[in-house]
Structure formats: structure tokens, C-alpha cells
Amino acid sequence: IAATLQELEIRVCLVDRNPQNIRRARMAGLTTYYADILSESIHEDLDLGGIGRFLSLLPNDEVNSLAAEHCGELFGRDQVYRLPASTVGSARVSMASSVMYGRELFAPTANYEEIRRRLDSGAVVKATTLSSEFTWSDFWERHGPDVLPLFQIQGRQVSIVTATATVRPVPGQTVI
């Protein structure tokens with residue numbers, strides 16, 4: 001996801017405390033920061049110039065929520081996002097979702113396990129610019145209902161798709 005955004009000249013910074021993840025991201029040319037996102041000094045240590053939103057994409061639902069809460073002061077509550085909880089539909093998750101911090105990303109079922117499953121099955125993250133010749137309807141018809149829209153981009157304006165959003169890209173927009 002970060003590599004696709006960066007290819008579109010959208011600044012990203014990956015923060016992780018796993019050295020292997022950091023190494024792989026750096027090898028891919030991504031800006032990284034080796035740290036625990038929940039550390040007290042993270043706000044002072046990070047260069048966040050040009051970055052206006054925080055997305056928590058970790059496999060742990062509680063850490064995603066805590067990270068979103070922790071970064072809410074820095075980015076503003078409406079600019080922090082997290083993956084939906086892993087076990088959608090369970091009573092525990094329904095109750096927990098009401099107290100979890102951060103806006104839910106992408107789709108109600110787009111939790112870490114689902115995204116990982118898609119990628120392991122050959123799904124790719126890619127940017128497609130729509131036109132009057134190739135519209136959102138054409139895209140949808142070609143790729144089907146398994147498409148998971150992540151972002152809509154118009155010029156330098158990035159809109160993050162949330163679990164409650166209706167996606168209606170128009171010609172001239174790029175969809176990731």
C-alpha cells in the first residue's frame with residue numbers, strides 16, 4: 001500500500017518496531033522509522049512534514065486502536081484510521097468496536113487477516129486512473145465484487161476509503 005502511494009508521489013512514513021519489516025520497506029525505497037508507535041517520544045522524533053493522516057495496519061486490533069488514540073493528538077481525531085476488528089459479527093467485537101479509537105479503514109470485513117489472505121492469494125495493490133473511456137463501472141465489471149477500494153486520489157487530494165463510505169470514483173480520479 002505504501003509503495004503504491006509513494007509511486008504516486010504521496011509521502012508515506014512506515015513506523016515499525018520489527019527490524020525485518022523495516023529492512024524490507026527500506027529495500028523497497030520507502031521512508032521508515034524504527035520505533036514503537038506507542039512510545040512517548042514518537043511525536044518529537046518523527047519528521048511528519050507532508051503527512052496529514054495516520055493509518056494503523058497491524059495484525060493486533062487493540063494495538064491498532066491504541067496507536068490511533070495515541071496519534072489522535074498529533075493528527076486530529078478525524079485523521080486517524082485503523083483496520084476493522086478481526087472477528088466481525090461477534091458480540092465481543094461489536095462491543096469493542098464501539099470503544100475502539102480511529103475510523104475503520106476500507107470495508108467492514110477488511111481486517112488484517114482478510115487483507116493478508118487476499119495478498120497471499122495473488123491480489124495486488126495497484127493504482128488505476130479512470131477516464132471517460134474506462135469508468136468505475138468498467139473497472140468494476142472487469143474486476144468484479146472482490147475489488148477492495150483503498151483510496152481515491154484527485155490531483156494531490158487523497159481520500160481514504162472507510163468502512164462506512166460509498167465509493168463512487170469519477171473520470172480523472174485514480175483509485176487504489
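List of remarks:
Residue by residue, here is whether (1) closer than 22 Å to residue 110 by Cβ; (2) among the small types (Gly, Ala, Ser); (3) in a helix (DSSP H, G or I) holds:
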residue	(1), (2), (3)
12	yes, no, no
21	yes, no, yes
33	no, no, no
36	no, no, no
40	no, no, no
48	no, no, no
63	yes, no, yes
68	yes, yes, yes
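- Residue match in region 120-132 (condition: of a type outside the set (Ser, Thr, Tyr), open to solvent by 90 Å² or more (accessible area, probe 1.4 Å), closer than 24 Å to residue 61 by Cβ and not in a loop (DSSP other than H, G, I, E, B)): yes
- Checking residue 17 against (1) free of Cβ contacts under 8 Å to residues at least 12 places away in the same chain; (2) open to solvent by 70 Å² or more (accessible area, probe 1.4 Å), the condition it does not meet: (1)
- Residue satisfying all of: in region 98-119; hydrophobic (A, V, I, L, M, F, W, C) and open to solvent by 60 Å² or more (accessible area, probe 1.4 Å); modelled with the highest pLDDT among these: 119
- Matching residues, region 151-176, being closer than 16 Å to residue 79 by Cα, touching a Leu at 6+ places or on another chain (Cβ under 8 Å), outside any strand (DSSP E or B) and open to solvent by 10 Å² or more (accessible area, probe 1.4 Å): 163
The values are calculated or read from the model by the stated rules, or taken from the named source; none is laboratory data. This one's a predicted model, so the numbers in the text were calculated from it and none came from an experiment. Every residue, glycine as well, gets a Cβ built from its backbone with ideal geometry; the counts of neighbours run over all protein chains shown. Heavy atoms of the whole protein, side chains included, go into the accessibility calculation; ligands, DNA and RNA do not. Shrake-Rupley method; radii C 1.70, N 1.55, O 1.52, S 1.80 Å.
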